[in-house]
Each structure stands twice: as C-alpha cells, then as structure tokens.
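Nothing in this text is a laboratory measurement; each read-out follows from the coordinates by a stated rule. Quick caveat, the model's predicted, so the values are computed rather than measured. Cβ: placed from backbone, ideal geometry, glycine included. Neighbour counts: every protein chain shown.
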Amino acid sequence: MTRVLVVEDDPQLVRALVINLQARRYGVDPAPDGTTALRIAAARQPDVVLLDLGLPDMDGMDVIRALRGWTRVPILVLSARRASDEKVAALDAGADDYITKPFSMDELLARLRAAVRRTDDVPPVPETTLVMTDGFTIDLLAKKATRAGHDVRLTPTEWHLLEILVTNPGRLITQKHLLAEVWGVSQSNKTNYLRVYMAQLRRKLEADPAHPRYLITEPGMGYRFES
C-alpha cells in the first residue's frame, strides 16, 4: 500500500483528502503542523508527501529542507501562494511538484500517481562495497573496518548496525527500524541497546566520539551516517 503523508492544517481539506485517498486504497497519515509531519515522516517512511506551505508552527519551506536532509520521498506542495517566485523557491528547496489551491481532486490524484511512477522508475543504485571517509574505511564485501591503517575489531552486532547505516548515507534510520533489523521486532522498544552500541561504534571509529562527525544522532528519532 502506498503511504501518503498529508501535511495540512485545514480540517475540511484534510478530511476531503483522506476520504479520496483512502477510497483509492492509499494509506494516509495526516499531520496538522510541521513538527508532527517530521516526526511521522521519520517513523512511518511515507511514499509521498502532500505539503501545505502555510503551517501554524513553521513555514512549509522549512519542512521541505528538513525532509531533504535525509529522504528523497516525492514532495507535492499544495499552496494558495500563486507567485512564481514562491513556486521556484519551493522547487529549488527540493519539492517535486507545486499545485495551487483551489485544485481539482482529479488533477491532484493524477500528479500523485505520476510522482509515485517516477520513484518506481528510478533504477537501483549499484551496491556499494567500499565506504571511505576521512576517518575510516568500511569494506562491506570483506566485512572489515579500518582506521588509520589498522583493522578495527567489531562485534557481529556492531557490524550489523554499522552496515545498515553506511549503506543508507544521509538517510535517517529510525530507532524502531534499527532495533527490529538488528535485535528483532520483539526488542523494538529497547532504545538503550542502541545508545550503548552507537557509543561503542563511535569510540572505535570517530576521532572525537563526544562530537561525532559520521555517526549522527537525531534525538528521539534515530541515527544517520554522514559520509
């Protein structure tokens, strides 16, 4: 099921979008403000985002920039702002499409389908076998880490955790996802596991573990590898 995150503070429009999307078998997560939207996006990993720019707690442009910090999910802006410079700014910030209000539901659904198709048509990225940073190197094929020319001994659990992060550079990986992948679904609330193992990885790989350059924490959400 394609999941759509609807970021809109107009209850009537949200209701109309939810009804129309669910009738076409989309999963829908509504968010009335930017803060909620970013939290849901990290937790639910939507396939498409429908985003109003005029939100009560932050400008929609800031939501676009925040999302683009870790995901390439298609973002369709729904806005009453008609000025061309507003449209250009939103697209430059990372939006994939811009639909002005009021709009027809048929047009919106057509553009949403097109956005999903474009995502599906993206060829898979060739599998990376060597991840190199200024601080350390990860050989995914040999399952080997080196730092300053010396091998770094990693436990199987540390390796599994690191492997997930480095194969998704720049992408926020949620705590729940990491816990389920490494320790199993039954342990998906044991966030203390992650804190312990991420601290160990930083001690082994980061030049300054207290101020990590590569293994980044997104408080309350998850972790990200910056190459």
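Taken about its Cα centre, the chain carries a charge dipole of about 660 debye when Lys and Arg each add +1 at the Cβ and Asp and Glu each add -1 at the Cβ. For the pair Ala110 and Thr129 in one chain, pulling the backbone fully straight at 0.36 nm per residue adds 3.0 nm over the alpha carbon distance.
Taken over the chain, lysine pairs spaced eight or more positions apart, or on distinct chains, with alpha carbons under 16 Å apart number 4. When only Cα pairs below 8 angstrom with a gap of at least 6 residues are kept, region 148-195 shows a relative contact order of 27 percent.
Over the chain, Cα pairs under 8 Å with separation of 6+ residues give a relative contact order of 14 percent. Roughly how many whole Å is it from the C-alpha centroid of region 181-227 to that of region 50-119? Their Cα centres are 32 Å away from one another.
For region 1-55, what is the relative contact order in percent, using Cα pairs closer than 8 Å and at least 6 residues apart in sequence? Relative contact order here is 52 percent. For P(r) over Cα pairs in 10 Å bins from 0, in percent, which listed value, (1) 7, 27, 23, 13, 12, 12, 5, 0; (2) 8, 33, 37, 18, 4, 0; (3) 7, 29, 29, 21, 12, 2, 0, comes from the coordinates shown? Recomputing P(r) over Cα pairs in 10 Å bins from 0, in percent here gives the entry labelled (3). Farthest towards the positive end of the charge dipole of the chain, among the residues Pro11, Ala93, Thr191, is the Cα of Thr191, using unit charges on the Cβ of Lys, Arg, Asp and Glu.
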